[in-house]
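Inspection log for the structure reproduced underneath, given as structure tokens.
The values are calculated or read from the model by the stated rules, or taken from the named source; none is laboratory data. Here the structure is a predicted model, which is why all the values come from computation and not from measurement. In this analysis, Cβ positions are derived from the backbone assuming ideal geometry, glycine residues included, and neighbour counts consider all displayed protein chains. SASA here: full protein model, heavy atoms, side chains in, ligands and nucleic acids out. Shrake-Rupley method; radii C 1.70, N 1.55, O 1.52, S 1.80 Å.
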Amino acid sequence: MSIVYSLKKRGDKIRNILKQYNCDAFISLCPTYNRYFSGFTGSTSALLITLEKSYFLTDFRYEEQVGKEVFNFTVVIVSGELENKLFHLINSLKIQKIAIHTEKISLQLAEKLKENCKVELVGINDDLSQLRMVKEGFEIENIQKACKITETSVYNCIYLLKEGVTEREIASRIDYEFRLQGADGSAFDTIVLFGKNSSLPHGKPGDKKLSIGDIVLIDCGCIYKGYCSDLTRTFVYGAVPGIWFIDMYETVLSAQLSALSALCPDKYTNEIDSIARSYISGKGMGTYFGHGLGHGVGMEIHEPPRLNTNSTSMLKEGFIITIEPGIYIPDKGGVRIEDTVLITKNGYERLTTSDKDLIVLPV
Ligand SMILES: [Mn+2]
């Protein structure tokens, strides 16, 4: 029952935001926000939350599912266009000012709303992000479980890393393992890169075969009950490719550990980024760390807050973020080490807990 209670509280919170902006209603057709507020796990729905009532619109395909998932809403099963029914409701309730997430409503829908309903639209993106950034107990549990599944899956596949196996095969095995371990699926396309390919921060697994002395970079995560996890580990197969690699690995690991140790509420995200970045720069490899240090993780794999040189969010207890510095030397190879962590009252807790010392995988 605690999730139903949570959903009710979220309804109260969105109404407080509506009052702050003098809005009559919030509307959303975004599956993620619709799940966040209603509990509905399907793909097609519309929410209309007014100061007094909450309406949930979907079509016949989801009628039975809605009965099991959606409780605090007046459910409307629409035959025909969902949008038309939504316009009709907005007009009949005499709604004039509507709050939206501007990235989640198309320009086409926004124009139709103005034309058909003569309403004013107000973006409340930051307020919605604020709500979602602080994770509730059941959300933390789901992300923790997603992290567990991810680590079990990766480590169950490690024995498959043998000479001649391809990146594609290992990536498929990890995805398969996610489902076997109870996940809904992958949170993003699993990255498995061998050798020089590891210098591509978001490379795609292909037909490259594993050879002795190759770097093995694995970045993956799964979705469990609608919540994501994110993990990166870098191994070597059979032998270390050279002293340069050990330098690179130690630098990334030290940068990651120093950024982690600084995590606690009230720190700014750019401060944390600069701890890792200046460490890597101090070792002369700053130009090879071209991406941000991390990002929020929740119902989406990348969500606020961002951790980079320009981000100025303040960390709070209950945030779940990644810390993932990397060094990528073109045509040579790369290292990234990433954990998903929870910001706690006095510091942080790692939700991905597997070892980070350099592992030379047995031939
Ligand atoms: Mn990540």
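If you go through the stretch 278-287 one residue at a time, do you hit one that is part of a helix (DSSP H, G or I), in contact with a helix residue (DSSP H, G or I) (Cβ under 7 Å, 6 or more places away or on another chain) and under 30 Å from Ser186 (Cβ atoms)? Yes, the stretch 278-287 contains a residue that is part of a helix (DSSP H, G or I), in contact with a helix residue (DSSP H, G or I) (Cβ under 7 Å, 6 or more places away or on another chain) and under 30 Å from Ser186 (Cβ atoms).
Here the condition is being assigned to a strand (DSSP E or B) and either within 16 Å of the ligand (Cβ to nearest atom) or open to solvent by 50 Å² or more (accessible area, probe 1.4 Å) (or both); of Val335, Val252, Val363, it holds for Val335 alone. Scanning the stretch 184-220 for residues that are within 15 Å of the ligand (Cβ to nearest atom), among the polar types (S, T, N, Q) and part of a loop (DSSP other than H, G, I, E, B) yields a total of 1.
Scanning for something touching a strand residue (DSSP E or B) at 6+ places or on another chain (Cβ under 9 Å), modelled with pLDDT of 95 or more, within 30 Å of Phe245 (Cβ to Cβ) and in a helix (DSSP H, G or I), does the stretch 127-148 turn up at least one residue? Checked against the condition, which is being touching a strand residue (DSSP E or B) at 6+ places or on another chain (Cβ under 9 Å), modelled with pLDDT of 95 or more, within 30 Å of Phe245 (Cβ to Cβ) and in a helix (DSSP H, G or I), the stretch 127-148 yields at least one hit. One residue stands out in the stretch 131-159 among those that are of a type in the set (A, V, I, L, M) and closer than 13 Å to Ala183 by Cα: the one that is nearest to the chain's Cα centre (by Cα), namely Ile143.
Annotation: Val341 fulfils all but one of (1) part of a loop (DSSP other than H, G, I, E, B); (2) touching a helix residue (DSSP H, G or I) at 6+ places or on another chain (Cβ under 8 Å); the unmet one is (1).
For residues that are among the polar types (S, T, N, Q) and part of a helix (DSSP H, G or I), scanning just the stretch 149-183, find the one that is nearest to Phe26 (Cα to Cα).
Within the stretch 149-183, the match that is nearest to Phe26 (Cα to Cα) is Thr150.
Does Leu260 satisfy the criteria of being within 16 Å of the ligand (Cβ to nearest atom), part of a strand (DSSP E or B) and out of contact with any Ser or Thr (no Cβ under 9 Å at 6 or more places or on another chain)? Here the answer is no, as Leu260 does not meet what is asked.
So, Gly298, is that one touching a strand residue (DSSP E or B) at 6+ places or on another chain (Cβ under 9 Å), under 21 Å from Val252 (Cα atoms) and surrounded by 21 or more Cβ atoms within 10 Å (Cβ to Cβ) or not? Before the answer, list the steps.
Values: touching a strand residue (DSSP E or B) at 6+ places or on another chain (Cβ under 9 Å): yes; under 21 Å from Val252 (Cα atoms): no; surrounded by 21 or more Cβ atoms within 10 Å (Cβ to Cβ): yes.
Answer is no for this residue.
Here Val70, Val75, Val119, Val134 are screened, and the one residue that is closer than 16 Å to Ser28 by Cα, β-branched (Val, Ile, Thr) and open to solvent by 40 Å² or more (accessible area, probe 1.4 Å) is Val75. Do we find a residue being surrounded by fewer than 17 Cβ atoms within 10 Å (Cβ to Cβ), in contact with a Leu (Cβ under 9 Å, 6 or more places away or on another chain) and small (Gly, Ala, Ser) anywhere in the stretch 339-357? Yes, that holds for at least one residue. Of the set (1) open to solvent by 60 Å² or more (accessible area, probe 1.4 Å); (2) within 23 Å of the chain's Cα centre (by Cα); (3) not hydroxyl-bearing (Ser, Thr, Tyr), all apply to Lys209 but (2).
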